[in-house]
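The values are calculated or read from the model by the stated rules, or taken from the named source; none is laboratory data. None of the values given here were measured: they were computed from a predicted structure. Here the Cβ positions follow ideal geometry from the backbone for every residue, glycine too, while neighbour counts run over all protein chains shown.
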Amino acid sequence: MALGFVTGFENGTFRPGEALTREQLVSIVVEALQRLPGVTPEAISTPPGNPYSDVASSRWSAAKIAFARDRKIIAGYEDNTFRPSRVVTRAELIAITRRAAEYAKTRRGQDAQLQVTQPVRQFLDLNGHWSEQVVTQMSGYCGVASPLNETGNTFAPNTGAQRNYAAAAVLRMYNCVSKP
């Protein structure tokens, strides 16, 4: 079933192995949230000003960035920048999908707590990493966080997230939230 929350490029390509930018991730996540069953989509409109100092209100992603920021799904940096073209890491991707899942559950009238749905994975390369808790949690939440290349027991938290992995992680999050 085509949910339509991930789009390709103007030339009709998807570029699955290409690195994902912060603004592309926000677009995917917001589009997924807008398609949740049983939830009236929220209005996404051009912000009255720049959502961040480096995101002009005329930028293609500005409305979605402002939407996600206002709902605490994403955050910028201390210098009031968002760095929309910066590659998002796998750890950042999972942190954003967790906040999106929590937000989505509240939109569906449910408790925001994310329940374990499958065995939690222990990744060998997360010990002491800032994302250790969230990645571990999201591995047990419908497998949103999965090993690098879907095999083994490494997560590679600081590696740039690829478009195909982001699409899979957001779809897993969407499917988990959509369950009654």
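Before moving on, here are some points about what is shown:
- Total residues in region 125-175, condition in contact with a Pro (Cβ under 8 Å, 6 or more places away or on another chain) and β-branched (Val, Ile, Thr): 2
- For region 60-96, a residue qualifies if it is in contact with a Lys or Arg (Cβ under 8 Å, 6 or more places away or on another chain) and of a type in the set (S, T, N, Q), and exactly one does: Ser85.
- Scanning region 68-102 for residues that are of a type in the set (Val, Ile, Thr) and more than 14 Å from the chain's Cα centre (by Cα) returns a single hit, Thr81.
- Annotation note: Cβ proximity below 8 Å between a residue of region 91-105 that is under 11 Å from Ala169 (Cα atoms) and at pLDDT 95 or above and a residue that is in a helix (DSSP H, G or I) and aromatic (Phe, Trp, Tyr) (sequence gap 6+ or interchain) occurs for Leu93/Tyr165.
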